[in-house]
Amino acid sequence: MKISLVGNPNSGKTSIFNRLTGLNQKIGNFPGVTVDKKSGLLKSKDGSHHILDLPGTYSLYPKTQDEQIVHDILSDSSHPDYPDRIIVVADASNLERNLLLFTQVMDLGIPVILALNMSDIAAKKGLVIDYKKLSELLGGVKVVPVNARNGQGMDQLIAETVAEDTSTVKTAFVAGEFEKGHFQISDPHRQKQLVEERYRKINGILKFVIKQEPTKRSMLKRQRMADKIITHPILGFVLFIAVLMVIFQAIYAWAEWPMDLIDTLFLSLSQWVINHMPEGVLTSLIAEGIIPGLGGVLIFIPQITLLFAFIFILEESGYMARVVFIMDKMMRPFGLNGRSVVPLISGVACAIPAIMATRTIENWKERLITIMVTPLMSCSARLPVYTLLIALVIPDQAIGPFKLQGLALLAMYLIGLLGALLAAFVFKWIIKAKQKSFLVMELPYYRMPRWNNLAITLWEKVRLFVFDAGKVIFSISIILWVLASYGPGDRIQQAVEKIPEPVHQEDVTAYEKKVASVSLSNSYIGILGHAMEPAIRPLGYNWQIGIALITSFAAREVFVGSMATIYSVGETFEADETLIQRMRKEQNPVTGLPVYNLASGISLMVFYAFAMQCMSTLAVVLRETKKWKWPLLQLVYMTAMAYLAALITYQILK
Amino acid sequence: MTLDSLKLNQQVTILSVTENGLTSKLTDMGLYPGKTISVIFKAPFGDPIAVDIDGYTLSLRKEEASLVEVQIG
Ligand SMILES: Nc1nc2c(ncn2[C@@H]2O[C@H](COP(=O)(O)OP(=O)(O)OP(=O)(O)O)[C@@H](O)[C@H]2O)c(=O)[nH]1
Ligand SMILES: [Mg+2]
């Protein structure tokens, strides 16, 4: 049997879905968290059933991309996802609006169960709901009160859902509007009239169903108080900036010691392998390719965990919706919408879910601009690059209470944001649209985040990051190591033979160093790097950086792993030198100056800030815009922007 | 009088919601004739505004609010 979950945004559909299927789909106290259909299995005594979680919608007449998905399934009885049964999830603390959708769904002629979720909130508001009466007045529909947070009522919901005798309601709530798999009314004016008619009837019913018990009203009062402060013209902004500052500080400072720990761990692991395994190709592949490559990914777990934790808390608390509210006016001049703030903020973690989140933006032009500029926000994959380069070229000093390195990181995030706003401003003039821009959004109640949900979410995110990024980095590290260890024909050998043999004992180390670097230079990867050197020399980069640029074309987080591999192959493996120490020693063979200096380091960071080095993002953009034109344009404009900005940076600073 | 011109916490009843061609979004969200509502807070610069509808908070821009015709009481 196919069962669909339908309901208003933020009514708790995904929470119920997770309870029914045991899965961990993303939930959040924000209207429009789920923007795509997701399926799972419900196992009950009499077999298993397909459960489909859908995006939230306020009515069966869609206004946005995500609502369209619900409409497409329910208006077409030959759709593969057309359900045999529907659970309508309604927020019991806001019944009138939630019942609008329910009465529409009920008229579709599909057996339907009404799950009244958030029964705890309704009780807090002093609402006493007569479920029997409600069921009766709705023509005998099954009504089940539930609480998806603690699981109350779920057993009954399952029992009612899979029960044999679920019959459809005999009389339509409003006749003539819907028929099984067919929506009769296409005139928007008539649609609106019918919505108003439904509301009047619902209002009439609820008079008999809901009793308002006298409460201290303290819950609503506290909610309103919080809003007064959080949306205050001055305090609101101060608070928002403070929140962002705390996040950056945390990512930079709190993550430091676990990162150092992981770093040392991998270094000693490499050492251990070298000391305990027989010398040979396999040993050096493991010690110089795989372990540094993996270490390059795993080291960022602390930062990424923190970042996702903060975004989860912003969403679950209800604060994110307020950010949309207070930022809307400021986003408009850039051709964006208050709702664009959510993709932009979550773009700091990863552009892929962020671009999916643009589905809740009603206006196509605003949505497209948001999609086009979101990848400019500094995502977590850039963090490794920034962290490494900052440690390399920014002095470890402080001005007053602020550490220079921390400020540099903050500056990188700001550069990303400014780049995004600037690009948005340009796109505003390029992209044409007639559609009107608007913002109509529910502000959900503030809520205490559930800490076990946080733990589950973080575990999922980190697992995905480690496996997805890990796979890519692991294989690229191996390929890179092979390409760096071998060259065409006997080219490496010939080059090495040209180096004069050491005469004195003290020249041996210098000789070994030379051999190693000449070998790398003449390997496949060395040849490739040298070939692209002319194009990147004006930016202050050498051919090793060129290699890292090539390998991180598909995924920017590969940068650090590539550097680690290149520098462990290129140099004789010094006892306990970290990657940073090795990179710091790297000199320009002509000038004798360090390769990684302030100018080239910052230029490289600026390049990574703007460059579109993420295949997965391009794929998502293609999927969301359905035209090749947009991801291609994005690739071109971002690469051009990166090159130019890096060029200017280097030429000014050098 | 329209919804965008109200003072904070003034109780009003909706008379009608003008359609602006594209959408009946406002009606879907619970703004229909006869409903009693009030403006409870505003964003910095006074736009968008937040409206209380039976204890639930709806935010909308002034431009959209100007489509909602209301009367006091
Ligand atoms: N207090 C309370 N909170 C709940 C209950 N059910 C869900 N929530 C919370 O409500 C919020 C929304 O839950 P979701 O499951 O994401 O809602 P949804 O309907 O899937 O939302 P969209 O995907 O945005 O349409 C989350 O913060 C949940 O923790 C409940 O019964 N009581
Ligand atoms: Mg959901």
- Part-to-part distance (alpha-carbon centres) for the stretch A:526-544 and the stretch A:617-632, which is given in Å: 30 Å
- Message: Can you show me the helix-derived [θ] at 222 nm for the protein assembly as shown, built from DSSP H runs with n ≥ 4 at -39,500 (n - 2.57) apiece and divided by the number of residues, rounded to the nearest 500.
- Response: -16500 deg cm²/dmol
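In whole Å and largest first, what semi-axes does the C-alpha gyration tensor of the stretch A:397-451 yield when each eigenvalue is scaled by 5 and square-rooted? Mind dumping the intermediate values first?
Numbers: eigenvalues 234, 134, 11 Å².
Each semi-axis is the square root of five times an eigenvalue, giving 34, 26, 7 Å.
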- Using the Kirkwood radius over Cα pairs, work out the Stokes-Einstein diffusion coefficient for the stretch A:230-375 at 37 °C and 0.692 mPa s, in µm²/s as a whole number. 183 µm²/s
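Holding the Cα-Cα limit at 27 Å, pick out from A:K13/A:K132; A:K629/B:K62; A:K37/B:K25 the pairs that are longer than that.
Checking Cα-Cα distances, A:K629/B:K62 exceed 27 Å.
How big is the charge dipole of the protein assembly as shown about its Cα centre, in debye rounded to the nearest 20, if each Lys and Arg gets +1 on its Cβ and each Asp and Glu gets -1 on its Cβ? Write out the running numbers ahead of the final one.
Details: 70 positive and 63 negative charges, 480 e Å.
With only Lys, Arg, Asp and Glu charged at Cβ, the dipole is about 2300 debye.
Using a 1.4 Å probe and counting only protein heavy atoms, how much accessible surface gets buried when B and A come together, both sides summed, in Å² to the nearest 100?
Numbers: alone 4450 and 30250 Å², together 30990 Å².
In total, this chain pair buries about 3700 Å².
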- Message: Straight-line reach only, C-alpha to C-alpha below 20 angstrom: list the aspartates and glutamates that A:K627 could link to, leaving out same-chain residues fewer than 8 apart.
- Response: A:D36, A:D66, A:E362, A:E366
- Message: Taking the alpha-carbon distance from A:K498 and a cut-off under 26 Å, which lysines remain once sequence neighbours fewer than 8 residues away in the same chain are dropped?
- Response: A:K513, A:K514, A:K585
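With a 1.4 Å probe and every protein chain left in place, work out the accessible area per residue of the protein assembly as shown in Å², rounded to a whole number.
Working: 30990 Å² over 727 residues.
It amounts to 43 Å² per residue over the protein assembly as shown.
For every other residue with a beta carbon closer than 14 angstrom to the beta carbon of A:A599, add +1 if it is Lys or Arg and -1 if Asp or Glu, then tell me the sum.
Values: positive: A:R537, A:K654; negative: none.
Neighbourhood net charge equals +2.
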- Message: Distance between the C-alpha centers of the stretch A:12-51 and the stretch A:379-423? Whole Å please.
- Response: 39 Å
- Item | Residue among B:K62, B:K42, B:K25 with the largest mean-square fluctuation in a Gaussian network model of chain B, springs linking Cα atoms under 10 Å | B:K25
- Query: Dipole of the protein assembly as shown (Lys/Arg Cβ +1, Asp/Glu Cβ -1, origin at the Cα centre): which of A:T591, A:G40, A:G526 lies farthest to the positive side?
  - Reply: A:G40
- Task: Give me the angle, in degrees from 0 to 90, between the Cα long axis of helix A:598-610 and the longest principal axis of the Cα atoms of chain A, rounded to the nearest 10.
- Result: 30 degrees
- Item | Percent carbon-and-sulfur accessible area, the protein assembly as shown, ignoring ligands, DNA and RNA, probe 1.4 Å | 63 percent
- Message: Can I get the semi-axes of the stretch A:468-524's equivalent ellipsoid? Compute them from the C-alpha gyration tensor as square roots of 5 times the eigenvalues, in angstrom, largest first.
- Response: 30, 14, 5
- Task: Give me the distance between the Cα centres of the stretch A:208-279 and the stretch A:122-159, rounded to whole Å.
- Result: 35 Å
- Item | Residues along the stretch A:282-329 losing 10 Å² or more of accessible surface when the other protein chains are present rather than the chain by itself (probe 1.4 Å) | A:F325, A:I326, A:D328, A:K329
- Give me the percent of DSSP beta bridges within the stretch A:1-128 that run antiparallel, rounded to the nearest 5. 30 percent
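Per-residue mean of other chain beta-carbon atoms within 10 angstrom of the beta-carbon, peptide B:61-72? Display every interim value, and only then the final one.
Numbers: counts 10, 1, 4, 4, 1, 0, 1, 0, 0, 0, 0, 0.
Other-chain Cβ atoms within 10 Å of each residue's Cβ, averaged: 2.
Counting Lys and Arg as +1 and Asp and Glu as -1, what is the net charge of the other residues whose Cβ lies under 12 Å from the Cβ of A:T387? Please report the intermediate quantities before stating the final value.
Values: positive: A:R382; negative: A:E256, A:D260, A:D263, A:E557.
So the surrounding residues net to -3.
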- With the convex hull built on the Cα atoms of the stretch B:3-72, state its orientation-averaged projected area in nm². 4.1 nm²
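Can you give the direction-averaged projected area of the convex hull of the alpha-carbon atoms in the stretch A:502-654, in nm²?
On the way: hull surface 41.7 nm².
Mean projected area for the stretch A:502-654: 10.4 nm², to one decimal.
Would you mind telling me the antiparallel percentage of the DSSP bridges in chain A, rounded to 5?
On the way: 17 of 36 bridges.
Given both bridge residues lie in chain A, the antiparallel proportion sits at roughly 45 percent.
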- Rounded to the angstrom and largest first, Cα extents along the principal axes for chain A equal 102, 55, 47
- Message: Buried by at least 20 Å² relative to the chain on its own: which residues of the stretch A:398-447 qualify, computing accessible area with a 1.4 Å probe on protein heavy atoms?
- Response: A:Q435, A:K436, A:S437, A:F438, A:L439, A:V440, A:M441, A:E442, A:L443, A:Y445
- Message: Output needed: percent of Cα pairs per 5 Å distance bin for the stretch A:372-529, bins running from 0 to the one holding the longest distance.
- Response: 1, 6, 8, 8, 9, 12, 13, 12, 10, 7, 5, 3, 2, 2, 1, 1, 0
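Mean 1/r over all different Cα pairs, inverted: what Kirkwood radius does the stretch A:1-132 give, in Å? All intermediate terms of the calculation are to be shown ahead of the outcome.
On the way: mean 1/r = 0.0670 Å⁻¹.
Mean inverse Cα-Cα distance, inverted, gives 14.9 Å.
The values are calculated or read from the model by the stated rules, or taken from the named source; none is laboratory data. This one's a predicted model, so the numbers in the text were calculated from it and none came from an experiment. Here Cβ is always computed from backbone atoms with ideal geometry, including for glycine, and neighbour counts include all displayed protein chains. These accessible areas exclude ligands, DNA and RNA; they are computed on the full protein's heavy atoms, side chains included. Shrake-Rupley method; radii C 1.70, N 1.55, O 1.52, S 1.80 Å.
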